[in-house]
Amino acid sequence: METQLYQIKDPEKDAAILQKAAEILRRGGLVVFPTETVYGLGGDATNQNAAMAIYAAKGRPSDNPLIIHVATPTEAEPYAVTSDTYYRLARHFMPGPLTVILPKKDTIPLSVTGGLDTVAIRCPDHAVARALIQAAGVPIAAPSANRSGKPSPTCAAHAAEDLTGRVDMILDGGDCEVGLESTIVKLEGDRGILLRPGAVTPEDLRRIIPNLSIAPAVTAALGEGERVLSPGMKYRHYAPTAPLVLLEGEETHVRAFLIEKAGEAGVGILCFDEEIPVMPKNATLFPVGKRADLETQAHRLFAALREADATPHLERLYAHLPPMEGLGLALYNRAIRAAAHTILHVT
Ligand code: TXA
Ligand code: MG
């Protein structure tokens with residue numbers, strides 16, 4: 001399959017490109033598009049053949065359900081059983097990096113939801129994404145636009161690396177602002193369960209859902225044979241080629257440990273920007289931002305991991321264990337998965 005690649009900055013000026021993309025979606029084809037979190041691999045959410053094509057292009061098991069992207073919160077009505085809590089969340093966080101799981105209606109094929117009777121709804125805060133949904137006139141089902149087993153793409157080049165020849169079109173809208181996938185919350189009546197942390201934090205959500213619970217799999221390793229609330233939790237997650245070890249401990253101890261390791265052959269370090277000057281000159285560094293700047297760390301994490309994977313002769317990667325508060329929880333969740341829960345306490 002030939003993949004068309006277009007840069008798109010302004011949905012109004014580039015309306016002709018959006019029309020082409022919308023046309024592809026309406027006939028069951030696949031379009032990669034930017035969102036504020038990561039790039040999505042989109043198809044018509046009401047077309048079960050499009051869903052099958054998404055799974056095939058991504059190399060993903062078809063029981064792992066897709067997120068349905070709509071342009072405004074009320075556009076979820078034909079597809080999901082909404083609630084007061086849904087609309088209260090929507091008022092505060094939509095459009096934005098939040099996905100809400102609700103009971104599904106029959107308009108969404110079971111192949112899109114991996115056979116579940118619930119559906120994931122998201123209203124992305126990105127002009128190109130919203131213009132594309134509107135132009136298509138159908139909701140867009142989209143997982144992250146990476147091949148299964150790779151980190152989510154935070155720029156069009158990453159998506160192109162994984163999906164060229166497997167999709168009809170890639171819309172390049174520049175770097176994704178957030179860099180981590182959306183927060184996922186499942187609603188059951190007025191109760192909410194956090195299934196995946198993201199830029200909408202538990203603290204944010206508790207202003208609307210005071211009794212929000214956090215699924216154990218967000219922070220802990222899954223026990224053998226344990227049941228999961230989200231099919232995505234049970235699959236082997238992305239891990240870099242060189243095994244990643246997360247470091248925990250007093251700042252001065254961790255820094256001394258890193259300086260020593262950085263001099264060794266085959267070692268790469270996802271370091272804070274302020275650590276660059278103190279590291280040995282020959283160190284292989286992948287800076288992720290300042291220690292206190294969790295936004296930049298979120299923005300850079302997946303790109304840094306892809307860079308590490310493209311660096312020859314790396315045998316081990318080290319990174320700081322992120323804090324569990326605020327946006328830190330989303331970083332923590334992605335980091336422990338990439339590290340297969342390997343945490344070293346440095347004393
Ligand atoms: O930021 C994002 O959410 C990006 C952009 C493209 O919107 N999308 C994304 O999709 O990260 P994906 O497919 O890579 O991750 C969606 C996760 C999966 O782990 C899936 O298991 C879970 O959402 N999910 C989807 N529908 C669900 C449902 N009905 N119940 C429970 N979990 C669901
Ligand atoms: Mg994904």
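The values are calculated or read from the model by the stated rules, or taken from the named source; none is laboratory data. Given the structure is predicted, the values throughout are model-derived calculations rather than measurements. Please note: Cβ atoms are built from the backbone with ideal geometry, for glycine as well, and neighbour counts cover all protein chains shown. What goes into the accessible areas is simple: the full protein's heavy atoms, side chains included, and nothing from ligands, DNA or RNA. Shrake-Rupley method; radii C 1.70, N 1.55, O 1.52, S 1.80 Å.
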Charge dipole (debye, nearest 20) of the stretch 1-105; +1 at Cβ of Lys and Arg, -1 at Cβ of Asp and Glu: 160 debye
Unit Cα scatterers, Debye sum, the stretch 19-64: log10 I(q)/I(0) for q = 0.14, 0.16, 0.18 Å⁻¹: -0.32, -0.42, -0.53
The stretch 158-207 - Debye-derived log10 I(q)/I(0), Cα point model, q = 0.17, 0.23, 0.31 Å⁻¹: -0.69, -0.86, -1.19
Accessible-area composition of the stretch 86-149, carbon plus sulfur, in percent [1.4 Å probe]: 50 percent
Placed amide H near A45: partners under 5 Å, 5+ positions off or other chain: I140, A141
Per-residue SASA entry for V100, accessible area with 1.4 Å probe, Å² rounded to 10: 0 Å²
Given K150/K186; K58/K281; K9/K186; K58/K261; K9/K150, the pairs whose alpha carbons are separated by over 29 Å: K58/K281; K9/K186; K58/K261
Cα convex hull of the chain, projected area averaged across orientations, nm²: 17.3 nm²
Difference of contour (0.36 nm per residue) and Cα-Cα distance, R147 to N282: 45.3 nm
Phi-based couplings in Hz for the stretch 20-35 (Karplus 6.51, -1.76, 1.60; Gly and Pro marked x): 4, 4, 4, 4, 4, 5, 5, 8, x, x, 10, 10, 7, 9, x, 10
Listed residue (P197, L110, I121) projecting farthest to the positive dipole end of the stretch 56-204, Cβ model: L110
Between helix 251-262 and the chain: long-axis angle, C-alpha atoms, 0 to 90°, nearest 10: 80 degrees
Percentage of interatomic Cα-Cα distances in the stretch 302-347 larger than 15 Å: 50 percent
Ellipticity estimate at 222 nm from DSSP helix runs (n ≥ 4, -39,500 (n - 2.57)) divided over the chain, nearest 500: -8000 deg cm²/dmol
Between 0 and 90°, nearest 10: helix 127-136 axis offset from the chain longest Cα axis: 30 degrees
The stretch 250-291 - Debye-derived log10 I(q)/I(0), Cα point model, q = 0.23 Å⁻¹: -0.70
T342 versus T219: modelled label distance in nm, points set 7 Å from Cα along the beta carbon direction: 2.4 nm
Check: the chain dipole with +1 on Lys, Arg Cβ and -1 on Asp, Glu Cβ, in debye: 580 debye
Amide H contacts under 5 Å for F286, placed H, 5+ residues apart: I269, L270, C271
Cα pair distances exceeding 22 angstrom across the stretch 1-120, given as percent: 39 percent
17 Å tail of the calculated P(r), the stretch 260-327, as % of Cα pairs: 40 percent
Size of the stretch 97-215 as Cα extents on the principal axes (Å, biggest first): 44, 32, 29
Two-decimal Rg/Rh across the stretch 29-182, once Rg and the Kirkwood Rh are taken from alpha-carbon atoms: 0.93
Positive dipole terminus of the stretch 1-119, leading residue within I68, A56, L30 (C-beta point charges): A56
